[in-house]
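One structure is given below, represented as structure tokens, and several questions about it will come after.
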Amino acid sequence: MALSGKRILLIISGGIAAYKSLDLIRRLRERGASVRPIMTKGAQEFVTSLAVGALAADHVFTDLFSRQDEQDVGHIRLARDCDLVLVAPATADLMAKMANGLADDLATTVLLATDRPVLAAPAMNPRMWAHPATKRNIETLRRDGIRFIGPAAGEMAESRETGTGRMAEPLEIVAAAEALLDDGPKPLAGKKAIVTSGPTHEPIDPVRYIANRSSGRQGHAIAAALARLGADVTLVSGPVTIPDPVGVRMLHVERAEEMRDAVLAALPADVAVMVAAVADWRVASAADQKLKKHPGESIPTLALTENPDILKTVGHHTTRPKLVIGFAAETQDVEANARLKLERKGADLIVANDVSPSTGIMGGTRNSVKLIRRDGIEQWPDLSKDEVAERLAALIAEQLMQR
Ligand SMILES: Cc1cc2nc3c(=O)[nH]c(=O)nc-3n(C[C@H](O)[C@H](O)[C@H](O)COP(=O)(O)O)c2cc1C
């Protein structure tokens with residue numbers, strides 16, 4: 001409901017992902033928001049102002065020096081008469097201009113003149129995204145208070161290339177806008193939360209690794225739900241292809257040891273929710289060079305060694321959070337295994353789910369969980385991972401108030 005009645009100024013810049021902005025307009029409007037579009041010159045090469053205007057049911061602003069537009073609305077009013085400025089897609093070019101305070105067209109002038117929150121959804125080729133110049137600009141913009149959603153990893157629309165640079169999906173952008181505009185109760189204001197999410201990648205050699213099917217959807221949704229309730233959230237994530245949630249401090253890691261270090265560095269906290277599917281074992285000594293297959297040679301054997309147990313470390317730490325929650329992904333004896341985990345790891349609550357392939361939970365969008373506490377078990381119905389996150393965040397707020 002956060003978007004109902006809200007006025008979104010949508011700036012579309014010249015990237016191939018501009019086609020997704022048409023769907024974005026629909027998704028924003030069906031949630032009750034009004035959308036006033038601005039298109040850069042570049043954007044008009046990708047989608048027509050006719051399509052954008054028809055979907056937005058509003059005039060499309062394109063020209064800083066349009067006498068008519070300046071007389072009717074004016075660029076300063078355009079910049080202020082809204083609740084949120086949304087830039088989607090945000091090109092490398094537009095963000096470079098924003099980072100340097102340029103104002104040489106309507107979009108950049110409005111971005112410099114606005115006093116409203118700005119949410120940007122970057123979209124570009126992975127090499128453009130990884131370029132030090134883009135990284136510098138993003139850092140500057142973050143310091144200036146600009147919020148970001150995405151980009152995600154995956155295949156690029158215009159080439160067969162894959163990597164990080166895809167614009168977040170329209171519904172992910174909508175969720176980020178909702179989170180920013182949400183003026184609901186903030187029972188977790190002033191509370192610090194650490195959440196882990198996704199799988200870990202344990203190297204075998206420089207190109208191969210041991211991993212699992214975790215998508216990060218559940219952990220990311222929990223981090224976002226806690227942030228919506230006002231918590232100061234640090235999200236430590238293994239490699240995933242979904243975008244970073246809005247409003248959380250992100251720490252990207254690869255290996256279990258890196259994840260443990262990041263979690264311990266983020267302590268103290270009021271609550272820790274350990275959702276990541278951390279590999280139990282890693283290769284004892286990963287090869288420096290790619291392992292080669294030579295005819296006639298024997299097949300290599302991988303000697304494994306135990307990874308740090310992050311949940312147990314946090315559960316028994318001298319600065320243990322007031323509330324420690326672990327996730328148990330099991331394929332058999334879900335309840336019994338989760339009970340054991342509760343005891344051994346020093347957790348207050350274990351959220352257990354059956355990740356047998358037939359359930360479709362691991363990597364999927366729905367979840368069916370059991371909450372295992374010392375004083376009992378609660379089975380939740382089949383829910384979306386977002387709904388599980390909402391319920392869990394509410395429960396955390398309730399528990400922290402009692403402690
Ligand atoms: C086919 C094509 C696709 C492009 N896709 C992107 C893109 O996804 N992201 C990006 O930053 N630039 C992209 N560019 C380059 C921008 O269009 C170019 O930098 C332009 O100056 C951006 O203008 P604007 O930021 O004012 O809209 C693309 C260019 C072409 C020709």
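Determine which member of the set Leu395, Leu342 is modelled with pLDDT under 95 and out of contact with any Asp or Glu (no Cβ under 6 Å at 6 or more places or on another chain).
The match here is Leu342.
Check off (1) farther than 29 Å from Thr62 by Cβ; (2) within 13 Å of the ligand (Cβ to nearest atom) for Lys192 and give me the number that stays unchecked.
Every listed condition holds for Lys192 apart from (2).
Please go through segment 88-113 and pick out each residue that is touching a His at 6+ places or on another chain (Cβ under 7 Å) and within 11 Å of the ligand (Cβ to nearest atom).
Selection gives Leu106 alone.
If Ser49 satisfies all but one of (1) touching a His at 6+ places or on another chain (Cβ under 8 Å); (2) without any contact (Cβ under 8 Å) to a residue 60 or more places away in the chain, what's the number of the condition it fails?
Against the list (1) touching a His at 6+ places or on another chain (Cβ under 8 Å); (2) without any contact (Cβ under 8 Å) to a residue 60 or more places away in the chain, Ser49 comes up short only on (1).
Consider segment 1-22. How many of its residues are within 16 Å of the ligand (Cβ to nearest atom), within 23 Å of the chain's Cα centre (by Cα) and not basic (Lys, Arg)?
Residues that pass the stated criteria total 12.
Quick check on my filter: what residues within segment 57-114 are surrounded by fewer than 20 Cβ atoms within 10 Å (Cβ to Cβ), touching a Gly at 6+ places or on another chain (Cβ under 7 Å) and either over 30 Å from Pro126 (Cα atoms) or in contact (Cβ under 8 Å) with a residue 60 or more places away in the chain (or both)?
Answer for segment 57-114, where residues must be surrounded by fewer than 20 Cβ atoms within 10 Å (Cβ to Cβ), touching a Gly at 6+ places or on another chain (Cβ under 7 Å) and either over 30 Å from Pro126 (Cα atoms) or in contact (Cβ under 8 Å) with a residue 60 or more places away in the chain (or both): just His59.
For segment 143-187, which residues satisfy the criterion of being loosely packed, with under 13 Cβ neighbours inside 10 Å and more than 16 Å from the ligand (Cβ to nearest atom)?
Arg143, Asp144, Gly145, Leu171, Asp183, Gly184, Pro185
Taking segment 287-317, which residues are under 30 Å from the mean Cα position of the chain (by Cα) and not charged (D, E, K, R)?
Answer for segment 287-317, where residues must be under 30 Å from the mean Cα position of the chain (by Cα) and not charged (D, E, K, R): Asn307, Pro308, Ile310, Leu311, Thr313, Val314, Gly315, His316, His317.
Listed residues Pro308, Pro295, Pro268, Pro300; which is within 18 Å of Asn212 (Cα to Cα), out of contact with any Cys (no Cβ under 9 Å at 6 or more places or on another chain) and surrounded by fewer than 22 Cβ atoms within 10 Å (Cβ to Cβ)?
When all the criteria are applied, what remains is Pro308.
So how many residues does segment 155-209 have that are in a strand (DSSP E or B), closer than 25 Å to Gly363 by Cα and not aliphatic (A, V, I, L, M)?
Looking only at that region, the number is 12.
While we're here: Pick out the one residue from Arg116, Arg127 that is more than 13 Å from the ligand (Cβ to nearest atom) and assigned by TED's automatic domain parsing to the domain that holds Ala79.
The match here is Arg116.
A follow-up question, please. If Glu202 passes every condition in (1) assigned by TED's automatic domain parsing to the domain that holds Ala279; (2) within 18 Å of the chain's Cα centre (by Cα) but one, which one does it miss?
Of (1) assigned by TED's automatic domain parsing to the domain that holds Ala279; (2) within 18 Å of the chain's Cα centre (by Cα), only one is false for Glu202: (2).
Oh, and also: Looking at this structure, is Val85 in contact with a Lys or Arg (Cβ under 8 Å, 6 or more places away or on another chain) and within 16 Å of the ligand (Cβ to nearest atom)?
So Val85 passes the test.
Quick check on segment 282-319: of everything there that is touching a residue at least 12 places away in the same chain (Cβ under 8 Å) and among the polar types (S, T, N, Q), which residue is farthest from Arg339 (Cα to Cα)?
Gln289
Report the residue count in segment 334-360 for those that are touching a residue at least 24 places away in the same chain (Cβ under 8 Å) and either outside the structural domain of Thr319 (by TED's automatic domain parsing) or outside any helix (DSSP H, G or I) (or both).
Counting residues in segment 334-360 that are touching a residue at least 24 places away in the same chain (Cβ under 8 Å) and either outside the structural domain of Thr319 (by TED's automatic domain parsing) or outside any helix (DSSP H, G or I) (or both) gives 11.
May I pose another question? State all residues of segment 253-288 that are within 23 Å of Thr305 (Cα to Cα) and part of a strand (DSSP E or B); if no residue qualifies, say none.
Met274, Ala277, Trp281, Arg282, Val283
The values are calculated or read from the model by the stated rules, or taken from the named source; none is laboratory data. These numbers come from a predicted model, not from an experiment. Reconstructed Cβ throughout: ideal geometry from the backbone, glycine too, with neighbour counts over all protein chains shown.
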